[in-house]
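First comes the structure, then the notes that go with it.
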Amino acid sequence: MSKIERAEVFVASPGRTFVTLRLTTSDGVTGLGDATLNGRELAVASYLQDHLVPLLLGKDPARIEDIWQYLYRGAYWRRGPVTMTAIAAVDTALWDIKGKVAGLPVYQLLGGRSRDGVMVYGHASGTDTAALLDDVDRFLDLGFKAVRAQAAVPDVGGTYGVRKGKVYEPAASSLPEEQPWDTEAYLRFAPGYLAAVRERFGFGFHLLHDVHHRLTPIEAARFGKQVEDCRLFWMEDPTPVENQESFRIVRQHTTTPLAVGEVLNSIWDVQHLITEQLIDYVRTSVVHAGGLTHLRRIFDLAALYQVRTGSHGATDLSPVTLAAAVHLDTAVPNFGIQEYMAHADETGEVFRSGVTFADGMLHVSEEPGLGVEYDEKAAERFPYQARYLPVARRLDGSVHDW
Ligand code: CS2
Ligand code: MG
């Protein structure tokens, strides 16, 4: 029987910080897992290195489900982003190994191909409406069939999602940057630029918008109703999701589709949202929701309620997660859309990925496993740099959701 013989945890900052787990079996087969948690990376690296690696050595890598249950139930303390990201890294690496041992790309182990490609959305943004419209034009020219639109709110420094430079990376400072936030200014401004996008480019593509947890349920209800003529593909994270029932308030007032889940990490966090049909897309990801094993369970529950997938895929999720996500997206029946932000060039020097982009879709490689390699020698050129996500403060100085 093959055994897990080596487990290496790499922390490096090629373009941004990534935590990567590499497992090696006694037969010399390797598997990769992403363990990146933006702003709390070292917590997961330690959870893996200090608490999980000693439990993994000598285990049978073929027993993916058993190892998942062993790490989840064996922790005693349930769920949470650090635990579920660490378990996700192990799980994803084991699926990579299983694919390589079987000589099959992982999507073949998940039920085989359900679609020719995986539709993705690009991230248009601008410091004002004119700049946003130019950026939408650029993404449409690149062949994207779906585009997210985010513009800076005049006189509000802390608007979410406005790219500075080539790659969007919100965790840009060694201590949390404090950004001002004004909900009323956002509510006055955002519906206008979304309408301007439709006015300029029409309805021949999917338009998405990320509210990023900033509104109360009734504010989100009002916003969703106000933008119904924009026919959004989704309004994302309309209101903080800890209280899943609060989505009912939004749901009751608007037909704008709702998407949530990137900050969640287990099926129990989305169970009420899905079974009560309070959302239309679930955004949980391979890296933060317990890996392919658990994310597949979430997607299968969602399918029972006609909720579609829309996995998180920002640049703070590594190319390992993106590849694993596209394998799962290729196979699941209730696929909706996959978030796709191009990583920095430096990231591509460390991660070699077989994922390709064409005609607005991502395609997995047919290589066995996930089709990703990690170059630790190259990673040595990008030592770890501590970076934090910003903190938002309302005009009265109190903390708001960033
Ligand atoms: C965003 C993310 O991609 C998204 O939808 O919500 O950019 C999010 O802000 C980052 O992943 C946080 O690290
Ligand atoms: Mg988001």
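Return a yes/no flag: does the stretch 347-369 have any residue that is part of a helix (DSSP H, G or I) and either surrounded by fewer than 20 Cβ atoms within 10 Å (Cβ to Cβ) or within 16 Å of ligand 2 (Cβ to nearest atom) (or both). Yes, the stretch 347-369 has at least one match.
Among the helices (runs of 4 or more DSSP H) confined to the stretch 29-120, the ones with at least 1 residues that are among the small types (Gly, Ala, Ser) are located at 41-46, 64-74, 81-102. Need the failing condition index for Leu37 against (1) assigned by TED's automatic domain parsing to the domain that holds His343; (2) within 16 Å of ligand 2 (Cβ to nearest atom), just the number. The number of the failed condition is (1).
Within the stretch 323-343, restricting attention to residues that are over 16 Å from the mean Cα position of the chain (by Cα) and part of a loop (DSSP other than H, G, I, E, B), the residue that is surrounded by the fewest Cβ atoms within 10 Å (Cβ to Cβ) is Pro333. Taken over the stretch 294-322, the criterion of being within 21 Å of Ile67 (Cβ to Cβ) and surrounded by fewer than 23 Cβ atoms within 10 Å (Cβ to Cβ) is satisfied by His294, Arg296, Arg297, Asp300.
Of all residues in the stretch 139-153, one or more are of a type in the set (A, V, I, L, M), more than 16 Å from ligand 1 (Cβ to nearest atom) and more than 30 Å from Gly397 (Cα to Cα). Taking Ala220 as the residue in question, decide whether it is part of a helix (DSSP H, G or I) and either crowded, with 17+ Cβ neighbours inside 10 Å or in contact with a Phe, Trp or Tyr (Cβ under 8 Å, 6 or more places away or on another chain) (or both). Here the answer is yes, as Ala220 does meet what is asked. Close contacts from the stretch 275-293, counting a first residue that is of a type in the set (D, E, K, R) and modelled with pLDDT of 95 or more and a second that is within 16 Å of ligand 1 (Cβ to nearest atom) and assigned to a loop (DSSP other than H, G, I, E, B), with Cβ to Cβ under 7 Å and a gap of 6+ residues or different chains, come to Asp280/Pro257; Arg283/Gly261; Arg283/Glu262; Arg283/Gly310; Arg283/Ser311; Arg283/His312.
Here Gln385 fulfils each of the conditions (1) of a type outside the set (D, E, K, R); (2) within 16 Å of ligand 2 (Cβ to nearest atom); (3) within 14 Å of Gly15 (Cα to Cα) apart from (2).
The values are calculated or read from the model by the stated rules, or taken from the named source; none is laboratory data. Values in this document were obtained by computation on a predicted structure and should not be read as measured data. All Cβ positions, glycine included, derive from the backbone under ideal geometry; neighbour counts span all protein chains shown.
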